[in-house]
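Colleague: Dumping the structure here so I can ask a few things about it.
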Amino acid sequence: MKFLQAKFIKSAEMLGQCPESDLPEYPLLGRSNVGKSSFINGLANHKKLAKTSNTPGKTRLINFFDFSNQFMLADLPGYGYAKVSKEAQNRWQKYLEEYLLNRKQIKSLIQLIDARHDIQKNDLQMREWVKAYNLPVITVLTKMDYVAKSKVLNVVKKVENELGGLVLPFSAIDNRYNEKVFEFLNPEN
């Protein structure tokens, strides 16, 4: 199993604060506690690169991670839960929309869905927003280590039928799914 050297680059609240880069960039969309930070840590084989928390809504900025100068992952604040004011939520939404619609380096969005549960209403709303702007997106099913191996294919097929497009399984615990994710993120290698 290969791993790439990954490092934290910077945090940004809005588009103008994002790092200058020519690398392909992949923003991570998902509900709070879906496993965005664990996804980064699992690909990097580094348990503490991206901060994880049991408390939803901890990520409040866009956090950029460089993987061996080959691609960048952008950890976005989770949707669906945040103990902050409506004003702060509206500001986040404005800044995130500006970033997602105008950042030239974005190659594809990656929407993370918890494989243990049915697709949630706010996941569907996010996918509708992505489709409305015709943005490229794939789905990564997190927490596959909690799904019985005999049911993995059924879970993937169900999400493919509901959301369409490429659906990849992933587990931060079990690295057996990493190769397919790396093939998508870095097709030249």
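Colleague: Per the Kirkwood treatment, what hydrodynamic radius in Å, one decimal, follows for region 82-183 from the mean inverse distance over all distinct Cα pairs?
Modeller: 15.1
Colleague: Could you work out how far apart the two model spin labels at N134 and E162 are, taking each label as a point 7 Å from the Cα in the direction of the beta carbon, and quote it in nm?
Modeller: 2.8
Colleague: Which whole-number percentage describes the relative contact order of the chain, with Cα contacts under 8 Å and a sequence gap of 6 or more?
Modeller: With pairs under 8 Å counted, the relative contact order is 25 percent.
Colleague: May I pose another question? To the nearest 0.05, what FRET efficiency results for R176 and H117 with a Förster distance of 30 Å applied to their C-beta separation?
Modeller: Given R0 = 30 Å and the Cβ-Cβ separation, E is 0.90.
Colleague: Related question: Over every pair of different alpha-carbon atoms in the chain, take the mean of 1/r and invert it; report that Kirkwood radius in Å. Present the calculation step by step, with values, prior to reporting the outcome.
Modeller: Values: mean 1/r = 0.0599 Å⁻¹.
For the chain, the Kirkwood estimate is 16.7 Å.
Colleague: Which of F8, F64 has the fewest other C-beta atoms within 10 Å, and how do the rest follow up to the most?
Modeller: By the 10 Å Cβ count, ascending, the order reads F8, F64.
Colleague: Kindly identify region 1-46 as rounded, prolate or oblate by the Cα gyration tensor criterion: order the square roots of the eigenvalues as a ≥ b ≥ c, call it rounded if a/c is under 1.5, otherwise compare a/b with b/c, prolate if a/b is larger, else oblate.
Modeller: Numbers: a/c = 2.22, a/b = 1.25, b/c = 1.77.
Since a/c reaches 1.5 but b/c is at least a/b, the shape of region 1-46 is classed as oblate.
Colleague: For A148 and E183, what is the calculated FRET efficiency with R₀ set at 22 Å and r taken between the beta-carbons, to the nearest 0.05?
Modeller: 0.35
Colleague: Which helices of the chain meet both criteria: a Cα extent of 20 Å or more along the helical axis and a mean Kyte-Doolittle score no lower than 1.6, with helices taken as whole DSSP H segments? Each step should come with its number before you reach the end.
Modeller: Values: long enough: 86-102 (24 Å, -1.59).
The qualifying helices: there are none.
Just so you know, all these numbers are worked out from the coordinates, no wet-lab data involved. Predicted model, so just to flag it, every value in this text is computed and none were measured. Please note: Cβ atoms are built from the backbone with ideal geometry, for glycine as well, and neighbour counts cover all protein chains shown.
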